[in-house]
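Below: one structure, written as structure tokens.
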Amino acid sequence: FPVTIFVFAANGVWEIRGGDNGFTATSFMVHKISNVGVYAPKSIVEVEGIIYFWAATGIHAIGRNENGVFQTTNLTIPTIQKLYNAIPDASKKNARGYYDLAQNRARWLYYSPETKEFGEAIDIDETPLPTIVGTMTSPVSMLSGTSTGRYPEIAKVNGSTTLIIY
């Protein structure tokens, strides 16, 4: 696959990629992946080719479908939507995501006034992802795969836009 730049903004997510010879002034493509934007810029986590982020509506995942096209899926609807909806907006906006190497999963921390610690971890490891991971059927199988050796570069553009170059 050619090099892809992801643009995360409050109003959506875009993929920008070049042709077979890379980016040139006349050879690039812009594709809007989602109308759902990132709500917490520091929540973006990449694990084995799937990018997770917190949106106002839930935790979303971006991955390639069976045709190789990037698309997004809300992972919280069938699992933890009630928990996610109960998190105060200020806590959602400041959530921080990270890859937990020891447990091989994406995790997030957010502030919760009910606890004496900073936040609680939310794990995505049992939610099926039938529409975006092709032959993989769940994050458990996805997270147990071997590393591709490719890592994203993350750059904060402003308060509502973050770039990930992958």
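What is region 1-111 by shape, rounded, prolate or oblate, if you read a ≥ b ≥ c off the alpha carbon gyration tensor as root eigenvalues and call it rounded for a/c under 1.5, prolate for a/b larger than b/c, and oblate otherwise?
On the way: a/c = 2.12, a/b = 1.83, b/c = 1.16.
Verdict is prolate for region 1-111.
Tell me the Kirkwood radius of region 1-46: reciprocal of the mean inverse pair distance over distinct alpha-carbon atoms, in Å.
Numbers: mean 1/r = 0.0870 Å⁻¹.
Every distinct Cα pair counted, the radius reaches 11.5 Å.
FYI, it's all coordinate maths here, none of it is from the lab. Computed from a predicted model, the values in this text were never measured in an experiment.
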